[in-house]
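Notes follow the structure.
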């Protein structure tokens, strides 16, 4: 069994230093890894990234993250990622990491993701160049997730994104904004690769539990949804239990 702790959308600012750290210090007693599902900062500044690094760096378990839209707001995603990596946090965007856990291997493939909508109610690469660029961006990111998951040869595969791969975990959000909360293309990438669990954030008013059309369990771990410093999922190579 592999114990996966996860949280997203903590939105830490410079006034939030020390807010989460007390709850994280004992993480090694209940989890083998911590996944961060983006929107770690409020506005994507380097100074906010340093707060995130102080909160999540040096924990007793490996920490793996993707960035979210807030982490891109100041147009410094590379600098934000560098600060996190300097603190020992693995930051993924179209790539993977493998972690050994009690004789098993856990592979995590991560991307930020993007919008576009879901089957029957989604955008298409038609019309104005701005619309084509929007859909091209989400397609490229989904393709990179598909490729990253395909490269993993591990006992357990987990997809880590910020944007949602299914509409199930968006219920509670206004339907009008679903196209800005995720894309079915992420779900297709997850289903194509024998993934065991998909973790995302972004949807503050959604719900925790969902599933891809192919039967992969999806969990929305945005902090306003889980209402805790993190939540833990226990994963076996052939089954996921919560």
Practice problem: Fewest Cβ neighbours within 10 Å first, please rank 183, 81, 124 accordingly. | Solution: 124, 81, 183
Quiz item: With labels modelled as points extended 7 Å from the Cα through the Cβ direction, what inter-label distance (nm, one decimal) is found for residue 133 paired with residue 21?
Solution: 4.1
Quiz item: Once the principal axes of the Cα atoms of region 154-213 are found, what is the range along each, listed largest first in whole angstroms?
Solution: 37, 18, 17
Self-check item: Contact order normalised by residue count of the chain, Cα under 8 Å, 6+ apart, percent
Solution: 21
Self-check item: Percentage, to the nearest whole number, of Cα pairs in the chain over 24 Å apart
Solution: 39
Quiz item: So what's the gap between the Cα centers of region 195-214 and region 73-136, to the nearest angstrom?
Solution: 15
Quiz item: What would the Debye formula give as log10 I(q)/I(0) at q = 0.18, 0.19 Å⁻¹ for the alpha-carbon point model of region 126-242, no solvent?
Solution: -0.92, -1.00
Quiz item: Given the convex hull over the Cα atoms of region 1-89, what projected area results after averaging over all orientations, in nm²?
Solution: 5.0
Quiz item: Taking neighbour Cβ counts within 10 Å as the exposure measure, how do 24, 197, 145 sort from fewest upward?
Solution: 24, 197, 145
Practice problem: Average the reciprocal distances over every distinct pair of alpha-carbons in region 115-193, invert the result, and give the Kirkwood radius in Å. | Solution: 13.1
Quiz item: Label residue 234 and residue 122 with points 7 Å out from Cα along Cα→Cβ: what is the distance between them in nm?
Solution: 3.5
Quiz item: By DSSP, what percent of the beta bridges with both residues in the chain are antiparallel, rounded to the nearest 5?
Solution: 45
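Any read-out appearing in this document is the output of simple, stated calculations on the displayed coordinates, not a laboratory observation. None of the values given here were measured: they were computed from a predicted structure. Heads up, the Cβs are rebuilt from the backbone with ideal geometry, glycines too, and the neighbour counts pull from every protein chain shown.
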